[in-house]
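These notes concern the structure reproduced below.
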Amino acid sequence: MAHRSAAELEEERLEILAAQRDRAAFAPLYERYVDQIHAYVYTLTHDMEQADDVTAATFAKAMEELPRFEWRGVPYSAWLYRVAGNLVSRERRRPGWIELEPRMLPDAAADPALHAEEKDRADEVRAAVAGLPNDQRQAILLRFGGDLRNREIAEIMGRSEGAVKLLTFRALTSLRRRLGAPMPAERLSRSGS
């Protein structure tokens, strides 16, 4: 998703106002964000059925809260991501919930060794992200999974933009160390040699 211009944000504000007057006008907002919210929830849960349920619950809550929604100058998705994240957190606190790893079917034409290597690397990255503190993990998922700006992430997380920048920096530093990737200063010193 590309970052929004002022004109696009104004257009979205008008769409929200229209939806507040007529619920049928909510459809463009739903269509714009349903896939993003679903992908975000699936990234958090690794469970397709739960992602479907939480996404449906997120948009049900969006419809319910629509008359009270107040525009704050950021994409509507910021509010939707916050609702979805809260619903996932609530689900995790319920007893009996377990996280299952998704099973991917390999591409028949792909080299099995390459597929196994890619799967191992993806599992390693997922494990490293899962090992981050909760606030760092959420900042990383919203930044890179949701393609959101720091301002939008700050709105979702209820933090300042500076705090989001710091969370992202710390998370990336931790991930680089865990995954054996060189730090930016190390890359610069290697290329200068």
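The values are calculated or read from the model by the stated rules, or taken from the named source; none is laboratory data. Since this is a predicted model, take the numbers as computed values, not measurements. Cβ atoms come from the backbone with ideal geometry, glycine included; neighbour counts cover every protein chain shown.
Miscellaneous remarks
- Matching residues, region 141-173, being of a type in the set (V, I, T) and surrounded by 21 or more Cβ atoms within 10 Å (Cβ to Cβ): I153, I156, V164
- Single residue of T58, T43 found to be touching a helix residue (DSSP H, G or I) at 6+ places or on another chain (Cβ under 7 Å) and modelled with pLDDT of 90 or more: T58
For every residue, the table says whether it meets (1) at pLDDT below 80; (2) closer than 25 Å to R176 by Cα; (3) among the aromatic types (F, W, Y).
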position	(1), (2), (3)
G73	no, no, no
A78	no, no, no
R93	yes, no, no
L100	yes, no, no
G131	no, yes, no
L141	no, yes, no
G146	yes, yes, no
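- Of all residues in region 126-158, those satisfying the criterion of being over 16 Å from R4 (Cα atoms) and of a type in the set (V, I, T) are V129, I140, I156.
- The residue of region 133-156 that is nearest to the chain's Cα centre (by Cα), among those that are under 21 Å from I37 (Cα atoms) and assigned to a loop (DSSP other than H, G, I, E, B), is G146.
- Answer residue from region 4-13, given it is surrounded by fewer than 11 Cβ atoms within 10 Å (Cβ to Cβ) and not polar (S, T, N, Q) and is modelled with the lowest pLDDT among those: A6
- Restricting attention to region 157-193, the residues that are assigned to a loop (DSSP other than H, G, I, E, B) and at pLDDT 85 or above total 3.
- For region 21-35, the tally of residues that are out of contact with any Asp or Glu (no Cβ under 8 Å at 6 or more places or on another chain) and either surrounded by 15 or more Cβ atoms within 10 Å (Cβ to Cβ) or outside any helix (DSSP H, G or I) (or both) stands at 5.
- L87 falls short on exactly one of the conditions (1) at pLDDT 80 or above; (2) over 18 Å from H38 (Cβ atoms), and that condition is (2).
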